[in-house]
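Remarks on the structure that follows.
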Amino acid sequence: IRGVWPTGLSVPDMLMQLRDPQGRETALRRQLDVYAACEWINQNVQEHARVVLYDETRGFYLDRLYMWGNALHSSYIPYDTMRNGADLAAWMLAHGVRYALINLNWSPQRWSDPELPAGPAGNEQRALERWYYEGEPKEHFRVLIRDALRKGLWVPVFAQNGVVVLEIRQSGE
């Protein structure tokens, strides 16, 4: 069951599932909210493309180079020098980052919003719209993401289990 942490009682069942390749896949899809998005990236994104992760640190299921994007996790991304979403998109593209993954289940906006992003299909898009298109994020990097989304520079291409994958584009694409 999604959202229920494994306990000592569930270990024998999980071990049996993990020994079987198909069972492993089923267990990961059921237990790990980010797994389907990582698999989508692995199957649909060019091998040389890099991925930036927001509100997610578990990139080890990705077969692509990735980095953490939250400002507190990454001093490599110079958010303080960026004025808008176009600056953010241009920096990402110049550094080979073609996709962003946002785990809305761990976004700080979730704690103040009663509607969870995971669940029925489409909740991710509604959460993304409320939190980034309509909302007023407090952190500067989230303001930049909002601007990139509004300008169509970051475009959702996959959403499942409260996790959204966005393609990063140049203006005019």
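Points worth noting:
- Peptides 66-78, 88-100, 153-165 ordered by packing proxy, namely the average of other Cβ atoms within 10 Å per residue, highest first: 153-165, 88-100, 66-78.
- Largest to smallest accessible area among Glu134, Glu139, Glu39 [probe 1.4 Å]: Glu134, Glu139, Glu39
- Per residue accessible area of the stretch 126-173, 1.4 Å probe, in Å²: 47 Å²
- Note, ³J(HN,Hα) from phi for the stretch 123-140, Karplus 6.51, -1.76, 1.60, rounded to Hz, x at Gly and Pro: 4, 4, 5, 5, 5, 4, 5, 5, 7, 10, 6, 9, x, 10, x, 8, 7, 4
The values are calculated or read from the model by the stated rules, or taken from the named source; none is laboratory data. Because the structure is a prediction, the values reported are computed rather than measured. We place every Cβ from the backbone using ideal geometry, glycine too, and count neighbours over all the protein chains shown. Remember, those area values only see protein heavy atoms, side chains included, never the ligands or the DNA or RNA. Shrake-Rupley method; radii C 1.70, N 1.55, O 1.52, S 1.80 Å.
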